[in-house]
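For reference, the structure discussed in these notes is given below.
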Amino acid sequence: MSWGTELWDQFDNLEKHTQWGIEVLEKYIKFVKERTEIEINYAKQLRNLSKKYQTKKNSKEEEESKYTSCKAFQNTLNEMSDYAGQHEVISENMSSQIMTELIRFVQELKQERKSNFHEGRKAQQHIETCWKQLESSKRRFERDCKEADRAQQHFEKMDADINVTKADVEKARQQAQIRHQMSDDSKGDYSSVLQKFNGEQNEHYHTHMPSIFQKLQDMEEKRIARLGESLKMYAEIDRQVIPIIGKCLDGITKSAESINEKQDSQTVIEAFKSGFEPPGDVDFEDFTQSIKRTVSDTSLTTTKADGKTDPKTPGKSRGKLWPFIKKNKSPKQQKEPLSHRFNDFMTSKPKIHCFRSLKRGLSLKLCFGFHQGATPEDFSNLPPEQRRKKLQQKVDELNKDIQKEIDQRDALTKMRDVYLKNPQMGDAGSVGQKLIEIGNNIEKLRVEVQKFESWLAEVEGRLPVRNDSSRRQSGLYETQNTAPVNNCAQDRESPDGSYTEDQSQETEVKVTPTEFDDDFDDEEPLPTIGTCKALYPFDGENEGTISVSEGEILKVIEEDKGDGWTRIRRSEEEEGYVPTSYIEVYLDKNAKGAKTYI
C-alpha cells in the first residue's frame, strides 16, 4: 500500500491533507500549552492558599499550633504546598518534553513538506512541458500533412490541365515534393517527441511521483507516530508525579491520624490551669447566736481580757470586705494602750482616708502604684499555674540571652588574643572595651535570672514563702524609685498571695471596732452596676475575696480597674473580689458605676 501507486493522480488532495495534518499537530501543541498554563496557575493558587492559612509568627495562632489538630492542619498545608510543586513539575515537563520538541518537529515537518511538494511541482511542470512539446510536434506534423496533400492535389490538377504550360506543371510538382518532404520530416520529429514523452511520462508516474508521494507518506506517518508518542508522554508525565502526590496525600492522612484528642485536652489543661484548689465545704452559719465581726490582724480588732482575739469567724462576714490584707502568722507584738492608738488614729487623717478607700473598693492600681494596663514584673496578677509558666518562659529567655552574650564574649576573646599576637591586624583595646560591656550585660542578666528563679521557686514551692520585706523588694523591683501613692496603700497583698504589705503598716492602726466600725457601716452600700456569671470555681481564702461556684450568678458592684479583680456581691452580708478572668460580666448600661471614695 503506497501513495505513489494508489494516489498517483491525487497530488493536490495530498497537499491539502498534509497541511491539515500539520495543523492538527499545531492544535495539539496549543492544547498542551494551555494545559501547562492551567497547571502553573493551579500550583500558584494552591501555594497562595497554603500560605494564606499558614501560622504567622508572633501571633496567637503560633500558640495554638501546640495542639495536635492544629499541627495536623499545618502539616496538611505543607503537603498541599508539595502537592502544588508536583503540578509545577507537570507544567515544566510538558513544556520541555512535549511543547518544545513538537514545535521543533513541526518546523522540520513544514520544511520537509515544502521541499517534497516543490519537487513534485517541478516534476509536474516538466511533464507538462513534454506534453506541450508533443502537442506542438503533433500539430506541426498534421499541418505539414495537410499542406503536402493540398500541394499534391494542385500538382495533379495542373498536370491534367492541357492549357497549363509544362513549366507551371513542373513547378507544381516540385512544390508537392517539398511539402511531402516537410511532412516526412514533421512525422519523424513527431515520432521522436512522442517516444520521448512516453518515456518521460512513464518515468514521471512510475518513478518520480511515487518517490515524492512515498516521502510525503513517510512524513505523514512520522507526524502521526510523533503525535501518538506525545500523547503517551502526556499521560506519562502525569503518571510520574502520581507516586509523589500519593505520598502527599498519605502525609495528609498520617497527619489526620496523628490527631490525639486526649493530648489536646491535656494541652488545654496545661494552658489554662490556674493552680487554685477547688472550694471546700461551706461552713454552717449559726444565726441563732449574735453575729460577731471577724477581721484580719491588720484591721480593727476586738480583744478579750486575756489579750487574744475572738476566734469566731462567720463564713463571709463584712470583715471580708477589707481587701487583700495578709494574715500575719508571726507572734503578735505587745499592744499599746487603747488611748494611744485612739490618739494616733484620730491624728492620722491620711490613714482615715486610706481605710475609707479600702472600704469602698479603692482600685488596686492606686494601692500598688502600677500604671494603667501595666503587668507586674513577677506576673503576680496571674493564677499560680499560669504565673509559673510565664516565669519559666522568662527564665528560659534570659538564659538564652546569657548564652548569646557568652558566645559573643568567647569570640571577642579569641579576636583579642589574635590582635595581641598580631597588632597590625587590629586594636586589642577596642575589643577589651566591648568585653567589659558584655561582662556587665551578663552580670545584669544573671541578676535578672536569679530574681525570676526566686519567684519561680516560690510559686513551685521549692523555697519557703518569703517574708514581707523580701516580697516588698521583689514586688517593687522596677518601681523602687517611684514615690508611693499613700502611706497605707503600698505593698498590699492580692488574693493569690502575690502582693505584699509593708510590715511597718500592718499594726499601725488597731482600735476596737465598737468605736469606729459604725462610721463605716453607716455608709450606703455600693449600688449594683450589673451581673456576672462564674465561669470557673474560685476559693476565696484570702482576705477581701469571695468564693464562687461555677455557673453561679452574682451582682457586680465595682468594675475591674485594670488590676485583674472585680468586686461582686452575693447578698447584703457577702461581697468581695474575684479574678476577672474567672467570671463573665454583664454590665447594666443605665446603672451608675461604683463610686470610689478617696
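Across region 1-53, the qualifying residues are those that are within 30 Å of ASN75 (Cα to Cα) and of a type in the set (Lys, Arg), and the one among them that is least open to solvent (accessible area, probe 1.4 Å) is ARG35.
Within the option set GLY275, GLY280, GLY251, being among the small types (Gly, Ala, Ser), surrounded by 13 or more Cβ atoms within 10 Å (Cβ to Cβ), modelled with pLDDT of 70 or more and closer than 30 Å to GLU458 by Cα holds for one residue only, GLY275. With a requirement of 3 or more residues that are at pLDDT below 75, open to solvent by 80 Å² or more (accessible area, probe 1.4 Å) and under 30 Å from TYR536 (Cβ atoms), none of the helices (runs of 4 or more DSSP H) lying completely within region 362-464 satisfies it.
Here's the yes/no breakdown for (1) surrounded by fewer than 16 Cβ atoms within 10 Å (Cβ to Cβ); (2) more than 30 Å from TYR83 (Cα to Cα):
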position: LYS166; (1), (2): yes, yes
position: HIS180; (1), (2): no, yes
position: GLU200; (1), (2): no, yes
position: TYR205; (1), (2): no, yes
position: SER211; (1), (2): yes, yes
position: ARG226; (1), (2): no, yes
position: GLN240; (1), (2): yes, no
position: PRO243; (1), (2): yes, no
position: GLY246; (1), (2): yes, no
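When only residues in region 19-58 that are in a helix (DSSP H, G or I) and among the hydroxyl-bearing types (Ser, Thr, Tyr) count, which is farthest from ARG223 (Cα to Cα)?
Restricting attention to region 19-58, the residues satisfying the condition of being in a helix (DSSP H, G or I) are 19-52.
Now drop any that are not among the hydroxyl-bearing types (Ser, Thr, Tyr), which leaves 28, 36, 42, 50.
Working: TYR28: 12, THR36: 22, TYR42: 31, SER50: 42 Å.
That would be SER50.
Candidates in region 544-580 are the residues that are acidic (Asp, Glu) and open to solvent by less than 20 Å² (accessible area, probe 1.4 Å); of these, the one that is nearest to THR528 (Cα to Cα) is GLU558. Whether any residue in region 110-129 is open to solvent by less than 50 Å² (accessible area, probe 1.4 Å), part of a helix (DSSP H, G or I), over 30 Å from SER50 (Cα atoms) and among the polar types (S, T, N, Q) is what I want to check. Yes, region 110-129 has at least one match. Taken across region 90-102, residues that are open to solvent by 40 Å² or more (accessible area, probe 1.4 Å), more than 20 Å from ASP218 (Cβ to Cβ) and in contact with a Gly (Cβ under 8 Å, 6 or more places away or on another chain) do not occur at all. When ASP185 is tested against the conditions (1) surrounded by 17 or more Cβ atoms within 10 Å (Cβ to Cβ); (2) in contact (Cβ under 8 Å) with a residue 40 or more places away in the chain, the lone failure is (1).
The values are calculated or read from the model by the stated rules, or taken from the named source; none is laboratory data. Every value quoted in this text rests on a predicted model; they were computed, and no experiment measured them. No Cβ is skipped: glycine too gets one built from the backbone with ideal geometry, and neighbour counts run over all protein chains shown. Keep in mind that these areas ignore ligands, DNA and RNA; they rest on the heavy atoms of the full protein, side chains included. Shrake-Rupley method; radii C 1.70, N 1.55, O 1.52, S 1.80 Å.
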